[in-house]
1. Which of the residues that make up region 16-45 are over 14 Å from Leu136 (Cβ atoms) and modelled with pLDDT under 90?
2. Can you give me the number of residues within region 184-217 that are within 18 Å of Glu280 (Cα to Cα) and either among the β-branched types (Val, Ile, Thr) or open to solvent by 50 Å² or more (accessible area, probe 1.4 Å) (or both)?
3. Does region 76-84 include one or more residues that are under 22 Å from Cys167 (Cβ atoms) and surrounded by 12 or more Cβ atoms within 10 Å (Cβ to Cβ)?
4. Within region 231-258, can you find the residues that are surrounded by fewer than 22 Cβ atoms within 10 Å (Cβ to Cβ) and among the hydroxyl-bearing types (Ser, Thr, Tyr)?
5. Regarding Ile6, is this residue at pLDDT 90 or above and either over 18 Å from Asp137 (Cα atoms) or over 26 Å from the mean Cα position of the chain (by Cα) (or both)?
6. Do any helices (runs of 4 or more DSSP H) lying entirely in region 204-309 carry at least 3 residues that are charged (D, E, K, R), and which ones are they?
7. So, of the residues in region 13-68 that are within 18 Å of Ile173 (Cβ to Cβ) and among the β-branched types (Val, Ile, Thr), which turns out to be surrounded by the most Cβ atoms within 10 Å (Cβ to Cβ)?
8. Is there any pair with a first residue in region 25-43 that is farther than 11 Å from Ala132 by Cβ and in contact (Cβ under 8 Å) with a residue 40 or more places away in the chain and a second that is open to solvent by less than 80 Å² (accessible area, probe 1.4 Å) and part of a helix (DSSP H, G or I) whose Cβ atoms are under 8 Å apart and which are 6 or more apart or on different chains, and what are they?
Amino acid sequence: MFKPIIQVAKGVGALLVISTNTIVLTTVVCVLAVFKLLTPEGPVREWFRKLLAGLAELWIGINNAVFSLYRNTQWDIEIPSGLSRKGCYLVNSNHQSWVDILVLQRCFNRRLPLLRLFLNSPLFWVPVLGVAWWALDFPFMRRYSREQVSKQPSLKGKDLENARKACEKFRNIPVAMMNFPEGTRFSEYKRDRYKSPYQKLLTPRIGGMGQVLYALSEELDSMIDVTIHYPKKRADGTAPTFWDLISGQLPEIIVRAREIEIPQRLLGRDFRSDRTFRGELEDWVRDLWTEKDHQLAVLAGEADEARPPAI
């Protein structure tokens with residue numbers, strides 16, 4: 001009788017703490033962004049960068065403490081040892097829910113550099129958040145639609161160059177670039193509609209990964225391949241929501257991560273204009289996805305044991 005009331009109370013309490021945490025620390029980040037803007041490149045600006053990244057890690061740490069407070073969710077996490085907060089990584093994961101981002105932050109906060117992702121340049125103008133993203137060195141890049149490219153062929157490939165320029169700062173700044181190759185959250189409906197060849201994944205898109213491999217090139221140390229599994233689905237068969245997590249209705253989260261060496265042949269090449277390379281990248285991602293699909297089946301108890309990695 002009282003269980004739903006307790007769940008709502010937990011959820012509201014957690015939401016208040018997370019909201020307060022977000023408002024306070026985002027405000028501080030925005031104020032410090034002004035000082036960073038006025039500071040020329042050099043040791044002082046580098047100090048501001050480290051301070052701002054530390055505030056973002058503090059924000060994540062407080063959120064993680066809130067998620068752990070009620071002890072309703074069992075976290076079964078296996079991640080590689082020897083990760084460096086001073087390295088440069090591509091973090092690749094399957095995608096089922098917006099909870100995935102919080103899971104990645106829980107797993108890698110203060111183990112990897114601050115997780116970042118490419119943002120469309122118009123997002124810079126989002127009130128407050130745009131300034132915060134800029135202050136935290138999220139790379140903004142301008143993308144072009146197919147219609148724009150068809151009207152102006154000279155724009156072809158410009159997005160890759162924009163990505164490279166946006167990532168120039170990471171020659172001196174540790175970074176972990178986050179990527180969800182499926183491009184959208186998985187569901188059985190989408191899998192069937194788009195005729196995915198996988199049982200528990202959508203067909204991966206190579207665009208985001210290709211941009212990171214091209215833009216960061218030799219700076220990349222390795223890829224962290226992450227598989228996230230939620231053993232218990234919601235009543236409608238969908239993945240758990242943010243509310244399920246903060247209200248204590250998510251019983252278990254399983255995470256398996258491994259560090260993979262990125263083949264040298266895949267670094268710094270233009271997958272848009274080089275068809276041979278595009279095929280190589282697609283084959284590499286396909287092998288990765290086949291292994292991940294099987295691993296998800298193992299975690300779901302639908303397969304006996306994982307096959308050796310195809311990579």
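The values are calculated or read from the model by the stated rules, or taken from the named source; none is laboratory data. Here the structure is a predicted model, which means the values were calculated and not measured. Please note: Cβ atoms are built from the backbone with ideal geometry, for glycine as well, and neighbour counts cover all protein chains shown. What goes into the accessible areas is simple: the full protein's heavy atoms, side chains included, and nothing from ligands, DNA or RNA. Shrake-Rupley method; radii C 1.70, N 1.55, O 1.52, S 1.80 Å.
1. Hits for region 16-45 are Thr39, Pro40, Glu41, Gly42, Pro43.
2. Total meeting the criteria: 4.
3. Yes, that holds for at least one residue.
4. Scanning region 231-258 gives Thr238, Thr241.
5. No: the conditions fail for Ile6.
6. The qualifying helices (runs of 4 or more DSSP H) are 275-299.
7. Step by step, filter region 13-68, then rank; the result is Val29.
8. Lys36/Arg45; Lys36/Phe48; Lys36/Arg49; Lys36/Leu52; Lys36/Ala135
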